[in-house]
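This report concerns only the one structure given below.
The values are calculated or read from the model by the stated rules, or taken from the named source; none is laboratory data. Quick caveat, the model's predicted, so the values are computed rather than measured. Because the Cβ atoms are built from the backbone with ideal geometry, glycine has one as well, and the counts that use them run over all protein chains shown. Note: areas computed on protein heavy atoms with side chains; ligands, DNA, RNA excluded. Shrake-Rupley method; radii C 1.70, N 1.55, O 1.52, S 1.80 Å.
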Amino acid sequence: MQFSHDEASFARSVLVVVVVALSAIAACSALSFQRIVLRFRQNRKPQYQSVSELYEDEDGTATQASEAAYSYQLPRISVLLFSIVCLLDSLVLCVITTQQPVESNLRVEQWLHFCAWTFLLIQAVALFIEPQYIARYRLSAFGSLSSFLLSIAIIVENLIRWSSIFDRSKRSNVYLTLTAVQLVGALALILIYSLVPRRPDVYWNEKVVDRQYTTSILGRLGFTWLSPLLHFAAINKGLNLNDLPEIDYQTRSKTLRRKFDQVGKKNKLWQLLFLSHKTAFISQCIFVTITSVTNFLPQIALLFILKALEDRDSGRDSVFHLWIGVFALGLSITISSWLEAWLFFICYSRIGQPIFQQLAAVIFGKSMRRKDIKGVNTKVPDVYLDGAAHISENTGPKGEEPTKKQDDDDDDEQKTRQSTINLVGVDSYRVSNFATYIYIFPGTVLKLTLAFGFLIRLIGWIPLLAGLAIPAIITPVNAFASKRYASAQDDLMRIRDKKMAVVTEALQGIRQIKFSAFEDNWQRKIMDVRRKELKTQWRVFKYDTTLIAIWIAGPILLAAVALATYAIIHKTLSASVAFTTVSVFEALEMTLAAIPELITDYFDASVSARRIETYLGSAEKEHYIKAGSMISFQQATVVWPAEDEGIVEDQFRLRDLNLEFPNGKLSVVSGRTGSGKSLLLAAILGEADILTGTIQVPRAPPPSIRFDEQANPNNWYLEGSIAFVAQIPWIENATIKDNILFGLPLDSSRYQKTLSACALEKDLEMLPDGELTDIGANGINLSGGQKWRVSFARALYSRASILVLDDIFSAVDANVGRHLYENALTGDLGQGRTRILVTHHVSLCLPRTRYGVLLGDGKALHAGTVEELRKDGRLDAILAQDVEQQQNAEEAAQTQNAPEIDDGGGLKQAISQRSNLSTRKSSHAMQDINADTTISPKKFTEDEKREKGAIKYTIYAEYIRASGGLRHWLLVLLAFLLCLLVILGRSWWISIWTRSYQNETVIAKDHWRPQAYLQYPKKEIHAVQIDGNIWFYLGIYLAWSVGQCVIGSSRYFLVFLGSIRASKDLFEQLTYAVLRAPLRWLDTVPVGRILNRFTADFNMVDSRISLDLGFMMHNAMGVISVIIAAVFVSPWMIAFALLQLVICMHYALRYLTGAREVKRLESNSKSPIFESFAAALMGISTIRAFDKAEIYVERMYRKIDTYAQAYWHLWLFNRWMGLRLNMVGAVFATVTAALIVSIRGIDASLAGFALSFALEYTVSLVWSLRQYANVELDMNAVERIVEYSNIPIENQSGDTAPAAWPTEGRLEVANLVVGYAADMPPVLKGLSFSVQRNQRVGVVGRTGAGKSSLTLALFRFLEAREGVVLIDGVDISKIRLQDVRSRLAIIPQDPVLFSGTIRTNLDAFDEHNDRELRDALERVHLVSGMSAPSDEPSGTTTPVDPNPNRNIFRSLSSKISEGGLNLSQGQRQLLCLARAIVSRPKIMVLDEATSAVDMETDAMIQRSIREEFQDSTLIVIAHRLSTIADFDKILVMGDGRVLEYDEPRLLMEKKDGDFRKMVEESGERDVLEDIIHGKTAPIDAAS
């Protein structure tokens, strides 16, 4: 049979399509053949697989229930049936086309179809018999792809048949029916294959893993696996973390850190990130390339429709083309929306979030390995003061130059713990955020290239070049603004670090601030930094406004100039050209809008990346310790760790150490305050730098082979393992029991012995929940002695064979010290272990000490056995002081069975514990440890609260009030409405302009030929001009355009102005409330939570909310503009727009129900990361000494993953909503286009006007709802800030105290009754006593007697229920709180110093001259006169220069690091005492203020107290009776009452007196009696 040329061409076209589809289907069937053959072979072999085996992969393990719930029976049967039916249908069609001449031209193609269906049947069979989950999923994927290819082939074949003129007369109904059956079958197979689940639900940590890799193909492509969770949130009105599935294996922080480590060491952080996420970045590039093309498909469809309408207006038949254009428009929007949804999913979930997790995990891992460096590292020239000797002001490894400005301050901040935490909280976020949006750069280039190519074809290259003159003009402005913006952002980042450092320090020293009534001063200090921050933020906003103006002006002016040039050249302007051009530029608008912000994000991320690189490249702890049989030093010179080993010339060092600490024995290290004792212990732990020599320590087994969970009494001790008790005890935020066990299994007998040896049993009786009492961060609700004893108990209970102990006796009284020595240090749990103890209480430990070391002058003055030391006359005064006192103490200790304990720090204990204490007395510690308790222990640190449901209107009202009130926001709304009118007017004017021409141009027909755009200037363009005044239309159009630019930019300026006002107002409120909060609240709320408000939440308020509000209002106006535009077209269009709005609101509200709760969970789960990070950094030496670093890394992984759970679902919910809104928008655009096409009265100009807004409507509606959701989520930050701003604060009212009050210092307490809460019993019960002017009163009593409560009542931390406290006759409850506290002074046991200088710590607000400050330092012997040698300060962590003439206290400008950690504990106490001397209060309260200094210094301090405070009334809470034995009066308290109050001599005369009993039980009875009776001065007794 002969075919015509057209018929042959038609047949070839169809054949090519079918052959291509068949080839692809055959390739997809290869796996099916393989699985069928494999299954056949398996069936021939005997099977022994256990039916109980559960599915398992890297994500987790399935359960029997989840496997039972998995079902694919219906899909596999349906696939098989449809494949058989369609195969038979295809066979029938083949027979028909073979036998009937009419269809014979498609004979080959139909038999190829039959082959394709045969392959599909094979795939269906393979799926039907496949037993493995993943293999089924792969088969279903290939089956779905094959069905898709076949359906495309069928559709294309029939379209070709439809368009073929010769074939239209030959179509038969039978052929069409059979083809339709195949098409329906192929589409059904696509759907059914796409419904096969990948696997059953798998579980990890007993929680279901996110179902992304569990759901079917269709579920994954449409994000439908989230729908049940959102439905659950809607029904339950909220979500908890337990409701969220676990993240998958690839997203877990441990996996991400492993990937980071596997890519090797690279110079740049970006290289490491790219290599560890290269698959995601490559996928991002692929998707952005595709979406850059598909984003222009709607504009092409729009042009096609408008061209067809112009043809229709000209009288030509264009119905077919119109409807093709309508459906092409809907399909193009659908494809583009889906691709964009998946692009965003990859960006957020595969790049942004994993990079943040990865960096957080890597930074924390680095912190566990990094050198423990605190202080400053800047070289300083030597200076001279007052003609003194050559002095260096070093306070760090290389000192600090006090005159250096900002750069050195920034260096200091880099060394703080908070700056390290900032690397996670700020820098990691910025890097991950930029990585998320980095695709915009290549995407913009591609889009601009495609857009310009499209526009050249549309309007020609001359108008386009004219339009591009606008970007050429504004590019320099853009570059200038971007550079200034980046600089401002850099400054903002630096100032935010300073703000965080100041706020952190204030929160850490809040007790001292409140006791000193420095709230106002610190608020001014914080607000000074805040004002600088807001000033810089305003600079950022100004440049941001400039960039926004450029973003707005760019597309508008470019389109205006291009169209104006086109109109001038052609003397005409068609609707298709005008509206398509404007639509293209509007499509570029969002892309171009992101560029300025992305550029600034790049600069931010670059700075952050450099900071992270610097940190990751910083020095790590050196492994200089060599394995040996005992701890020994051979000619070792050690210094405190420094970042650079080369900058140690000015560091304090211990030189030429030759020491051998005997195994299994007690060794004592002693020396003056600041002699380097802590440095010696740090060297043993490997926490120092060694310059020369060697240090040997027995090698402990690595943690991986210790098997702690299998420890028992027979294998308890691990040779070479170390336990450490730091000078500042490190306590975890956990129960007392967990702190002692420290991850080890419970051995009841050993645990009870540990409690008894560390004298903790009575403490547990007093605590509200016994051993299960929850301890706040840093042991905030424990006394100083309790913290030491819990820390010691941890070491004692441990499996360590070596105990390194730093001054465990300084915070305990003689009784407790003796108890610890006898029962713990040298008792059953201590014997046989190598114990190295730093202490000033040498005489206490002397009897059982084997080895002693005396440090001084930067070296070991003497080292050897006790016998050798006794023969050295120089050490007799130190090592054998008062042997008689020692013997008396031993005798006294033997007479006591269970000594009463009161070991200091009672202020913290009283504030924190008693508010928890119920009337119940816990006997928990005395019961069997495994006994079940019926009362669950109360957590000291309560879980962070979070609101539920929508953000309350009061929060919005508070933000509106703070940002300027309703008047300001009405002005903002007016600006947005005015901009809306300008936008509408501009588009309407285009429609009027285009309607003014009747186009009769040749170029319309050939404009799309490739040569046309080069030749069209030469063409003759003929137009009949109705209105020849082109400049009239053009001028008004340009005026509209310029107006839109000006007004559009101004509205954001107003939004930013309100944002700055809100930031200032809200910050002031929060600062005021937190600084004046009750101590109980401050103790129970972790610092991390408060800091989260001051940092992350305020970053949101400062920078994010204003932009989201502006963009929300901008897009909302876009929605309104479509409604208005619809009025000019058809009421039906309004109806469809409202219908779409209702549907979209349904999805948006469903999204908000879940996203709002997840956002709150995300905010709350962020705090534990920072809290744990801060705690780990504070206890890094202890953690590493116990070899627990990896355990803490694993804990941090879990916290990061918990945060990731919330963050992951937050963005998944966003994608779920975005895809659905875009799909609804695609339907709306299609319906609108169909409506416009079906109305004959709508011309091309009006259609262009309507369609351009219809396309924008979908975008505006989607972004309006997204931005509304963002604003609501952003308001979560305001909600959290307002929550803490409205906490109850201390009463600030009262009368102003007289100017010189108190003038005498008389104190009278009359019938005082106070309690910790209104519903709790009183702790002081009718307390009455009086203190005369300048008297010294010692307050003593058993634990719980009310001593600390009395101090709190004096400072009005506890308000009187009954009775009064009179100071110089003035009732303190009647005067202002600030006046009361500022006129009194207290020196706590735990010294509090602030970063700065010695001057700022002594006189924070410049109220005294330098002479007074130096005099105070001399009086506490920090600066020695000619009669005593100068100290050689070191410190617990960062040392000072060892040279005797280099004493940092000689210079008031010497730097003090964060928390004073570059000073020793004793030096910090002395500096606090000097601060009190400077203030010269009339009433002074001391709480064992010299516990951490050596005996000689203590004696001098006691002398100074007696000399310097002769004109002050002293009230001393005594833990050593010798301290107050010679005072004027002794107040003995018991159960909140006065038991005795009189002179010590008179109290001793009472035979059954309480004070006398205390003296007799003290262990130093004879000494005390001599002091009381005046035979011995207390100073002499102490020395």
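Could you pull out the residue among Val85, Val20, Val16 that is out of contact with any Leu (no Cβ under 7 Å at 6 or more places or on another chain), more than 22 Å from Arg198 (Cβ to Cβ), at pLDDT 85 or above and among the β-branched types (Val, Ile, Thr)?
Val85
Among the residues that make up region 738-755, is at least one of them small (Gly, Ala, Ser), more than 31 Å from the chain's Cα centre (by Cα) and either surrounded by fewer than 22 Cβ atoms within 10 Å (Cβ to Cβ) or under 19 Å from Ser1181 (Cα atoms) (or both)?
yes
May I ask you to list pairs of residues, at least six apart or on different chains, whose Cβ atoms are under 8 Å apart, with the first in region 1102-1113 being under 10 Å from Val1271 (Cβ atoms) and the second being open to solvent by 30 Å² or more (accessible area, probe 1.4 Å) and assigned to a helix (DSSP H, G or I)?
Matching pairs, first to second residue: Phe1111/Trp1263; Met1112/Tyr1268; Met1113/Leu973.
Which numbered condition trips up Arg211, out of (1) at pLDDT 85 or above; (2) within 17 Å of Leu87 (Cα to Cα)?
Among (1) at pLDDT 85 or above; (2) within 17 Å of Leu87 (Cα to Cα), the lone unmet condition for Arg211 is (2).
What is the residue count in region 1146-1202 for residues that are closer than 23 Å to Asn1214 by Cβ and among the charged types (D, E, K, R)?
Number satisfying all stated conditions: 8.
Those residues that are more than 25 Å from Gly443 (Cβ to Cβ), surrounded by fewer than 22 Cβ atoms within 10 Å (Cβ to Cβ) and of a type in the set (A, V, I, L, M), I need them from region 276-320; list them, please.
Passing the criteria: only Val319.
Does any residue of region 722-738 turn out to be in a loop (DSSP other than H, G, I, E, B) and closer than 16 Å to Ser801 by Cβ?
No - not one qualifying residue is present in region 722-738.
Mind telling me which of the residues Glu1290, Glu1304, Glu1283 ends up being of a type in the set (D, E, K, R) and touching a strand residue (DSSP E or B) at 6+ places or on another chain (Cβ under 9 Å)?
Exactly one of Glu1290, Glu1304, Glu1283 is of a type in the set (D, E, K, R) and touching a strand residue (DSSP E or B) at 6+ places or on another chain (Cβ under 9 Å), namely Glu1304.
For region 768-790: of the residues being of a type in the set (S, T, N, Q) and in a helix (DSSP H, G or I), which is modelled with the lowest pLDDT?
Asn778
Would you say Ile695 is among the β-branched types (Val, Ile, Thr), surrounded by 14 or more Cβ atoms within 10 Å (Cβ to Cβ) and part of a loop (DSSP other than H, G, I, E, B)?
No.
Tell me the helices (runs of 4 or more DSSP H) entirely within region 406-520 that contain at least 1 residues that are at pLDDT below 85.
So the answer is 406-414, 417-422, 440-459, 461-508, 510-515.
Output the number of the condition that Gly832 fails; it satisfies all remaining conditions of (1) crowded, with 21+ Cβ neighbours inside 10 Å; (2) within 46 Å of the chain's Cα centre (by Cα).
(1)
Can you find a residue that is part of a helix (DSSP H, G or I) and farther than 30 Å from Ala1137 by Cβ anywhere in region 1284-1301?
yes
If you take the residues in region 1311-1338 that are free of Cβ contacts under 8 Å to residues at least 60 places away in the same chain and surrounded by 16 or more Cβ atoms within 10 Å (Cβ to Cβ), which one is nearest to Gly1363 (Cα to Cα)?
Leu1312
Determine whether region 519-531 contains at least one residue that is under 30 Å from Phe296 (Cβ atoms), touching a helix residue (DSSP H, G or I) at 6+ places or on another chain (Cβ under 8 Å), open to solvent by 40 Å² or more (accessible area, probe 1.4 Å) and without any contact (Cβ under 8 Å) to a residue 24 or more places away in the chain.
No, region 519-531 contains no residue that is under 30 Å from Phe296 (Cβ atoms), touching a helix residue (DSSP H, G or I) at 6+ places or on another chain (Cβ under 8 Å), open to solvent by 40 Å² or more (accessible area, probe 1.4 Å) and without any contact (Cβ under 8 Å) to a residue 24 or more places away in the chain.
Taking the residues in region 144-195 that are in a helix (DSSP H, G or I) and of a type in the set (D, E, K, R) as candidates, determine which candidate is modelled with the highest pLDDT.
Glu157
Among the residues of region 179-192, write down those that are in contact (Cβ under 8 Å) with a residue 12 or more places away in the chain and open to solvent by 30 Å² or more (accessible area, probe 1.4 Å).
Listed by number, the residues that qualify are Val181, Leu183, Leu187, Ile190, Leu191.
Let me spell it out: the conditions are (1) of a type in the set (D, E, K, R); (2) closer than 21 Å to Ala65 by Cα; (3) open to solvent by less than 30 Å² (accessible area, probe 1.4 Å), and Arg252 meets all of them except one. Which number is the exception?
If we test Arg252 against (1) of a type in the set (D, E, K, R); (2) closer than 21 Å to Ala65 by Cα; (3) open to solvent by less than 30 Å² (accessible area, probe 1.4 Å), just (2) comes out false.
Residues being modelled with pLDDT under 85 and not charged (D, E, K, R): count how many of those fall in region 282-326.
Selection size over region 282-326: 25.
For Leu1366, which of the numbered conditions (1) touching a Ser or Thr at 6+ places or on another chain (Cβ under 8 Å); (2) part of a strand (DSSP E or B); (3) of a type outside the set (Gly, Ala, Ser) fails to hold?
Answer for Leu1366: the failing condition is (1).
Report, by residue number, each residue of region 110-120 that is open to solvent by 40 Å² or more (accessible area, probe 1.4 Å) and in contact (Cβ under 8 Å) with a residue 40 or more places away in the chain.
Cys115, Phe119
I need a count of the residues in region 193-219 that are open to solvent by less than 60 Å² (accessible area, probe 1.4 Å) and either touching a residue at least 24 places away in the same chain (Cβ under 8 Å) or not β-branched (Val, Ile, Thr) (or both).
Total meeting the criteria: 18.
On the basis of being in contact with a Leu (Cβ under 8 Å, 6 or more places away or on another chain), free of Cβ contacts under 8 Å to residues at least 60 places away in the same chain and open to solvent by 20 Å² or more (accessible area, probe 1.4 Å), does Ile335 make the cut?
yes
Please work out which one of (1) under 24 Å from Leu256 (Cα atoms); (2) open to solvent by 20 Å² or more (accessible area, probe 1.4 Å); (3) β-branched (Val, Ile, Thr) is the condition Ile1200 fails and give its number.
Single failed check for Ile1200: (2).
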